[in-house]
Every structure is written in structure tokens, then in C-alpha cells.
């Protein structure tokens, strides 16, 4: 199952201090064609030096009955100025009846594939090492967006993402503040900063895919707002494209503190 945007990477940052930290638990429901097709749970912590993101998503409802998917993932790293410096990314689970596992480490700041299941498909172009350089994982890319908004009030920036199979480039620009009205699918209403993102695949193309489709620019939008006064803005809504069910929107459904022990 392929999502066109690292939209499930919905947060955050983690202090390195070896003590109990108050984390934020967030849940999202993703709707497509009026149906709830995915649920997402994330744990997020913010810190000045290090970060970690834990995220799980699964298909649900009728869609989940026919196409069962359950993926867990995490990313951890430190901050190099304003940009993330990933240390490890891991993702594992089952999608469409097949085991999926990816582990990336970043010795010297560059990605190294430790685990890749299934192995690189023969019908997919391998990503040359030169195109893997200076990339980050999907979760770190969204952490970068959240940090940009927290530090500058804007979401302008460009990142290159390597997920073990493909390289994507995503550019985010500030679109301004918008008022999100009450919606039965969402726990949030109010003013949020809208970030418009344009993503395109640069490497790791499948031979049997529609070339025009995989090379075109995909547009998505994220709305961020503080959930607690004085705290950084977090994603409260994300609209994006998927390969299997077209346009989709993730709505924040629950949020609150959870205790993470380090």
C-alpha cells in the first residue's frame, strides 16, 4: 500500500534526557470517498536536542476486510541546526498479505539499508547511492515541518526522502491561516496554518507503472495548530493522494498526554 505523501508521519520530537517525559498521543481517522479507510495512532514528544516518532496505521471497515494492512514504524534522531539528523528509521508489518520490513541507519549522516523485506523488486530501478545521499526518512521529514512552524511560524522548506525503495522530493510553502469549521470527523475546530506541499518521485521507479502518473507532481495540504495553549502547532488535518483510493483526508480524532519513560 502506497501513500503519495508522507502524510502518516504526523509528528514529533524527543528530548534525550534519561527521565520520564510527557508525550502527546494523537489519533487520526483517514477518509476517502466518504468512508473511514484508515486509522492512525502516533506518540509525539518535543525536545531541543533529539526527537523520536512512533506511529502505527491500519486499514479499517470494509476496506480493511478486503485489504488488511497494519504497519508500525518509528524514527529517532537529533537536530543539526534547524534540520533533522536521522539516526534510525524502522517500519514493519503486513500489507496485502505480505510481510514488510525496512530498517535504515545513518552512520556519518547517510542512509544505509540494514533490512529490506521484500528485497528490491526486479521490476523496480535501484536507487543509486548518489541519490540516497543527504536524504531523510518520511517521519523525520514531517518532524522537520513541525519544527519549522514552531520556530518560524512558517512551513517553507524542501526535503528529499529515501524510504529504502524510492527517493521523493517534497517542497512545502506557507499558504496562510484558515478557519476549520466544526466537523463530526474531527476533534479540532478553529484557526490553523495551512501548508501546501508538492511532491514528486525522483528515483526507484517501477517498470510496469504508469510513467506519467509516477512522475507527475502530487499536491497535498496540511493544517497545523496548537492543541494546548503555548505548545507547538501539530497537524490537525492533512489532505493527500493515495494510489489505491484516490484523494483522502486525515482528521485528528483524539489527543492528550501520555507518559513516555526514557
For the stretch 208-260 and the stretch 135-153, compute the distance between their C-alpha centroids and round to whole Å.
13
Can you give the FRET efficiency to the nearest 0.05 for residue 83 and residue 196, using r as the Cβ-Cβ distance and R₀ = 22 Å?
0.60
Taking the beta-carbon count within 10 Å as an exposure proxy, list 71, 30, 161 from fewest neighbours to most.
71, 161, 30
Figure the gain on full extension for residue 98 and residue 72 (residue separation times 0.36 nm, minus the Cα-Cα span) and round it to one decimal in nm.
7.9 nm
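Multiply the residue separation of residue 219 and residue 49 by 0.36 nm, subtract the distance between their alpha-carbon atoms, and state the gained length in nm to one decimal.
Details: separation 170, 0.36 × 170 = 61.20 nm, distance 3.13 nm.
Answer, rounded to one decimal: 58.1 nm.
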Most exposed first by the Cβ proxy, i.e. fewest other Cβ within 10 Å, how do 189, 98 rank?
98, 189
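What do the square roots of 5 times the Cα gyration tensor eigenvalues come to for the stretch 6-260, in whole Å, largest first, as semi-axes of the equivalent ellipsoid?
Output for the stretch 6-260: semi-axes of 26, 23, 18 Å.
Would you mind ranking 180, 252 by Cβ crowding within 10 Å, fewest neighbours first?
Values: 180 18, 252 24.
In increasing order of surrounding Cβ atoms, one gets 180, 252.
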Name the residue, out of 87, 231, 206, whose mean-square fluctuation peaks in a Gaussian network model built on the chain with Cα pairs under 10 Å.
231
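Throughout, read-outs are computed from the coordinates displayed, never taken from laboratory work. Since the structure is predicted, the reported quantities are computational estimates derived from the model, not experimental observations. Positions of Cβ are generated from backbone atoms using ideal geometry, with glycine treated the same way; all protein chains shown enter the neighbour counts.
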